[in-house]
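Just dropping this structure here.
The values are calculated or read from the model by the stated rules, or taken from the named source; none is laboratory data. Remember, predicted model here, so these are calculated numbers, not experimental data. Positions of Cβ are generated from backbone atoms using ideal geometry, with glycine treated the same way; all protein chains shown enter the neighbour counts.
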Amino acid sequence: MEVFNELAVEIQKQWFKDWFNSPYYHLLYNNRDNAEAATFIDKLLNYLHPSANSTMLDVACGTGRHSSYLAAKGYTVTGIDLSIRSINIAKKLENDHLSFYQHDMRLPFRVNYFDFVFNFFTSFGYFDTERENENALRTMRNALKPGGCLVLDYLNSPYVKNNLVPFEVKETGDVVFDIVREVNDGKFQKQINILDRSRLYRTTFTENVSAFTLHDFEEMFAHQGLQITDIFGDYHFNSYDEQHSPRLIIVATKH
């Protein structure tokens, strides 16, 4: 019985495994702004000036919208994600410049291989332990060639705390999402209560994302031998302001 309880606790901790594989996850977030993503990538490439033969890794790539856009520019792009559902969708986009793999970012993936590693749209901070977060960041760092560049795009915790919307209801077709947001124990917690009227079915998922600050990232990056070279506060590459910037976009190089 004790072993079963430990397993149940572990499954609950790994909330992202079930949620990111759920069709309701893709339904809730199906309205993400592809035009905004393309504009962000264009600005990023204009800033980074990658060579034409650059190799790029998109960590936690989801269904591949960023990866495919980068590959369309001629770069050789690899996307990895834990969700097999997302990877199966992304694989339909594969070509000579673009490949996708199901992979856990906490585990190593190709060492000293890529010129650039990207982690977009707050695809970090899901894990409960410092060691797991270190492992994920180490995967990104080790995947880079010496002198390679990491770009990590995270929410700006002080801004999100001050602008938290505690309750929200979204409807998509027959599905109603009743969303409750709060800050608990250093994490942003989003409880998503789902009513699928077509199936007469209810379920609940809870997202937990660490409320990391710039100072936290500075410590984590330094520990992994990553030198921060720039920090931006939004997808238009405006300067970072702790209280007013919606994003925390960190650019770093591997020593």
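Give just the number: which of (1) touching a strand residue (DSSP E or B) at 6+ places or on another chain (Cβ under 6 Å); (2) in contact (Cβ under 8 Å) with a residue 24 or more places away in the chain; (3) not in a helix (DSSP H, G or I) does F221 not satisfy?
It fails just one condition, (3).
On to the next question. For the subset of segment 76-93 comprising residues that are surrounded by fewer than 22 Cβ atoms within 10 Å (Cβ to Cβ), modelled with pLDDT of 95 or more and in contact with a strand residue (DSSP E or B) (Cβ under 8 Å, 6 or more places away or on another chain), which member is farthest from P23 (Cα to Cα)?
Across segment 76-93, the extreme among qualifying residues is T76.
Filter segment 46-75 down to residues that are more than 16 Å from the chain's Cα centre (by Cα), buried (at least 20 other Cβ atoms within 10 Å of the Cβ) and among the hydrophobic types (A, V, I, L, M, F, W, C), then give me how many there are.
Counting residues in segment 46-75 that are more than 16 Å from the chain's Cα centre (by Cα), buried (at least 20 other Cβ atoms within 10 Å of the Cβ) and among the hydrophobic types (A, V, I, L, M, F, W, C) gives 2.
Looking only at segment 139-185, count every residue that is of a type in the set (K, R), under 20 Å from L248 (Cβ atoms) and touching a residue at least 24 places away in the same chain (Cβ under 8 Å) and tell me the total.
The number of residues fulfilling the criteria is 2.
Which one is nearest to N119 (Cα to Cα) among residues in segment 37-95 that are of a type in the set (G, A, S) and in contact with an Asp or Glu (Cβ under 8 Å, 6 or more places away or on another chain)?
The selected residue is A60.
Go through (1) touching a residue at least 12 places away in the same chain (Cβ under 8 Å); (2) not assigned by TED's automatic domain parsing to the domain that holds L226 one by one and return the number of the condition Y201 breaks.
Evaluating Y201 over (1) touching a residue at least 12 places away in the same chain (Cβ under 8 Å); (2) not assigned by TED's automatic domain parsing to the domain that holds L226 leaves (1) as the failure.
Something else about it: Listed residues T129, T172; which is surrounded by fewer than 17 Cβ atoms within 10 Å (Cβ to Cβ), among the hydroxyl-bearing types (S, T, Y) and not assigned by TED's automatic domain parsing to the domain that holds K17?
Result: T172 is the single residue among T129, T172 that is surrounded by fewer than 17 Cβ atoms within 10 Å (Cβ to Cβ), among the hydroxyl-bearing types (S, T, Y) and not assigned by TED's automatic domain parsing to the domain that holds K17.
Then there's this: Any residue that is assigned to a strand (DSSP E or B) and in contact with a Leu (Cβ under 9 Å, 6 or more places away or on another chain) - is there at least one of those in segment 122-143?
Taking every residue of segment 122-143 in turn, none turns out to be assigned to a strand (DSSP E or B) and in contact with a Leu (Cβ under 9 Å, 6 or more places away or on another chain).
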